[in-house]
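Peer 1: Here it is, the structure in full.
The values are calculated or read from the model by the stated rules, or taken from the named source; none is laboratory data. This structure is a prediction, so every number in the text was calculated from the model and none was measured. Note that each Cβ is placed from the backbone with ideal geometry, even for glycine, and that neighbours are counted across all protein chains shown.
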Amino acid sequence: MQRRRFLSAAAGLPFAAYLGRGWTATPQAGTPRFLLVFLRGAYDCNSLLVPTHSEFYYRARPTIAIARPGQAQGALALNADWGLHPMLEDSILPLFQSRQACFVPFAGTNDLSRSHFETQDSIELGQPLEGHKSFQSGFLNRLAQVLQSDRQSRRGPSTMAFTAQLPLALRGSAQAANMALASVGKAGVDERHSQVIASMYQGTPLGGAVAEGFSVRDAVQRGVQEEMDRAGRDAISAKGFSLVAQRMAVLMREQFDLGFVDVGGWDTHVNQGGASGNLANRLAELSRGLATFAQEIGPEPWRNTVVAVISEFGRTFRENGNKGTDHGHGTVYWFLGGGLSSRAGGSIAGTQAEVTEKALFQNRDYPVLNEYRDVLGGLFGRMYGLSPAQVQQVFPASQARDLHLV
């Protein structure tokens, strides 16, 4: 095998850190599962969760506002103050009505850079804004470390990033795998080449990791074969995120209980659209995928699953001169799962403010009233039964807030 070809093939291997991991072990019944969905590009939360009570909202967005409930292409009423984008009627609204979805507005980080990359990195690291940052310690990896040390059995959480590269959130000493699912079935390394590569590393310190990397790849391929076999019958449309979500559901049902995926394309500076258009189409695809995930993971695993949908920041409250929105601050987080509490499910949770011009942060954005480390720390504490000290290991110098999401 030529060296150049080998290097190209090896670059696509799934990541596996250690031997003896047991990647293919099925999570036990009742095992909590957590999936983080990161919307890269900062989605416009004011089109998703519409402040239908706010006259200022309609003045600030003359061309892109979502109409009030009852009007043509109007928002779907959630309560007297808030509505949901109409494109989510058949996907997220049923989950909300069955108390398997909730929204936390005025959420986010206190980072004020308004830089996509800087803020994404800051959130994934989950470290205090002040002081030195370690780019080898992401908050999901620290969560995996805590869960590994806290469990009586030797089996820690099976952790998977459904991405081409291991994200910052999963960097650290706990073991994690990664593989992009959109191209599963189009592997650049076939079985024969896999054996050649594995034999080249056999007997070296990397031999075990390489062999396990191929094991992860093979497990992923087997997991999605079920979905592939159903194509052409009752299979859900294999487009975009819906396909990836279906494959994630199979894997998290059978093998992984801590997951990460990112979805791009949310930077809508120009021609954002309202009830229809660019953003509406993306929200529809995302929401269909999330509903697919909820269905395909199965009733028992879904009862113990929480899906958190976050973004690096929100967008400006007022529309710009290009019928779009610019980089903002506060945003809206989504939480989905069959195990959401009756108090949170079907609600708008967290600290809130009246949506007026006076309430805007720096006269342009939603304020952050529900800091993400505090919110997620409270969720993890309740979901996994973590002590305050353990939550501090995941989010140092945070102040965990229990919103009773689960």
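Peer 1: Hey, Q145 hits all of (1) under 18 Å from the mean Cα position of the chain (by Cα); (2) buried (at least 18 other Cβ atoms within 10 Å of the Cβ) but one; which does it fall short on?
Peer 2: All conditions pass for Q145, except number (1).
Peer 1: From (1) touching a Ser or Thr at 6+ places or on another chain (Cβ under 6 Å); (2) closer than 26 Å to I92 by Cβ; (3) surrounded by fewer than 23 Cβ atoms within 10 Å (Cβ to Cβ), pick out the condition that doesn't hold for G338.
Peer 2: (1)
Peer 1: Same structure again: What number goes with the only condition from (1) modelled with pLDDT under 95; (2) not in a loop (DSSP other than H, G, I, E, B) that Q28 does not pass?
Peer 2: (2)
Peer 1: Which one is modelled with the lowest pLDDT among residues in region 87-140 that are among the charged types (D, E, K, R) and on the phi > 0 side of the Ramachandran plot? Before the answer, list the steps.
Peer 2: Narrowing region 87-140 to residues among the charged types (D, E, K, R): 89-90, 99, 111, 114, 118, 121, 124, 130, 133.
Remaining after also requiring on the phi > 0 side of the Ramachandran plot: 99, 114.
On the way: R99: 98, R114: 93.
Only one residue tops the list, namely R114.
Peer 1: Does region 311-321 contain at least one residue that is touching a Pro at 6+ places or on another chain (Cβ under 9 Å), surrounded by fewer than 21 Cβ atoms within 10 Å (Cβ to Cβ), over 14 Å from P51 (Cβ atoms) and not acidic (D, E)?
Peer 2: No; the residues of region 311-321 include none that is touching a Pro at 6+ places or on another chain (Cβ under 9 Å), surrounded by fewer than 21 Cβ atoms within 10 Å (Cβ to Cβ), over 14 Å from P51 (Cβ atoms) and not acidic (D, E).
Peer 1: A further question on this structure: Between a residue in region 242-261 that is closer than 18 Å to F38 by Cβ and touching a residue at least 40 places away in the same chain (Cβ under 8 Å) and any residue that is part of a helix (DSSP H, G or I) and aromatic (F, W, Y), which pairs come within a Cβ distance under 8 Å, given they are 6 or more apart or on different chains?
Peer 2: A245/F293; M248/F293; A249/F293
Table: residues versus (1) within 24 Å of R303 (Cα to Cα); (2) not β-branched (V, I, T).
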position: S347; (1), (2): yes, yes
position: A359; (1), (2): no, yes
position: V368; (1), (2): no, no
position: S398; (1), (2): no, yes
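Peer 1: Return the only residue of A280, A249 being surrounded by fewer than 23 Cβ atoms within 10 Å (Cβ to Cβ) and hydrophobic (A, V, I, L, M, F, W, C). Lay out the reasoning, then the answer.
Peer 2: Details: A249 fails: surrounded by fewer than 23 Cβ atoms within 10 Å (Cβ to Cβ).
That would be A280, the only listed residue that is surrounded by fewer than 23 Cβ atoms within 10 Å (Cβ to Cβ) and hydrophobic (A, V, I, L, M, F, W, C).
Peer 1: Another question, if that's okay. Residues of region 303-321 being without any contact (Cβ under 8 Å) to a residue 60 or more places away in the chain and within 19 Å of A101 (Cβ to Cβ), which ones?
Peer 2: R303
Peer 1: Now for a different question. For region 182-191, does any single residue satisfy the condition of being of a type outside the set (G, A, S) and at pLDDT 65 or above? Before the answer, list the steps.
Peer 2: Step one: of region 182-191, the residues of a type outside the set (G, A, S) are 184, 186, 189-191.
If we keep only those that are at pLDDT 65 or above as well, we get none.
No, every residue in region 182-191 fails to be of a type outside the set (G, A, S) and at pLDDT 65 or above.
To keep it simple, each residue is scored yes or no on (1) in a loop (DSSP other than H, G, I, E, B); (2) on the phi < 0 side of the Ramachandran plot; (3) in contact with a Pro (Cβ under 6 Å, 6 or more places away or on another chain); (4) at pLDDT 95 or above.
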{"position": "V220", "(1), (2), (3), (4)": "no, yes, no, no"}
{"position": "G223", "(1), (2), (3), (4)": "no, yes, no, no"}
{"position": "E227", "(1), (2), (3), (4)": "no, yes, no, no"}
{"position": "S237", "(1), (2), (3), (4)": "yes, yes, no, no"}
{"position": "S242", "(1), (2), (3), (4)": "no, yes, no, no"}
{"position": "Q246", "(1), (2), (3), (4)": "no, yes, no, no"}
{"position": "G265", "(1), (2), (3), (4)": "yes, no, no, no"}
{"position": "A275", "(1), (2), (3), (4)": "yes, yes, yes, yes"}
{"position": "A280", "(1), (2), (3), (4)": "no, yes, no, yes"}
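Peer 1: Of the residues T356, T305, T325, T331, which single one is closer than 18 Å to T52 by Cα, among the hydroxyl-bearing types (S, T, Y), crowded, with 20+ Cβ neighbours inside 10 Å and modelled with pLDDT of 95 or more?
Peer 2: After applying the criteria, what remains is T331.
Each row is one residue, and each column tells you yes or no for (1) crowded, with 23+ Cβ neighbours inside 10 Å; (2) of a type in the set (K, R); (3) not in a loop (DSSP other than H, G, I, E, B).
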residue: Y43; (1), (2), (3): yes, no, no
residue: N46; (1), (2), (3): yes, no, yes
residue: T52; (1), (2), (3): yes, no, no
residue: F56; (1), (2), (3): no, no, yes
residue: R59; (1), (2), (3): no, yes, yes
residue: I66; (1), (2), (3): yes, no, no
residue: P69; (1), (2), (3): no, no, no
residue: N79; (1), (2), (3): no, no, no
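Peer 1: Have a look at R142, R61 and point out the one that is among the charged types (D, E, K, R), out of contact with any Cys (no Cβ under 7 Å at 6 or more places or on another chain), over 24 Å from F34 (Cβ atoms) and in contact (Cβ under 8 Å) with a residue 12 or more places away in the chain. Show your work before the answer.
Peer 2: Numbers: R142 fails: over 24 Å from F34 (Cβ atoms).
Just one listed residue meets the conditions, R61.
Peer 1: When you go through (1) surrounded by 24 or more Cβ atoms within 10 Å (Cβ to Cβ); (2) of a type outside the set (A, V, I, L, M, F, W, C); (3) closer than 24 Å to D267 by Cβ one by one for S158, which number turns out not to apply?
Peer 2: (3)
Peer 1: Can you tell me which residues in region 347-371 are free of Cβ contacts under 8 Å to residues at least 40 places away in the same chain and either in a strand (DSSP E or B) or under 21 Å from the mean Cα position of the chain (by Cα) (or both)?
Peer 2: Passing the criteria: only F361.
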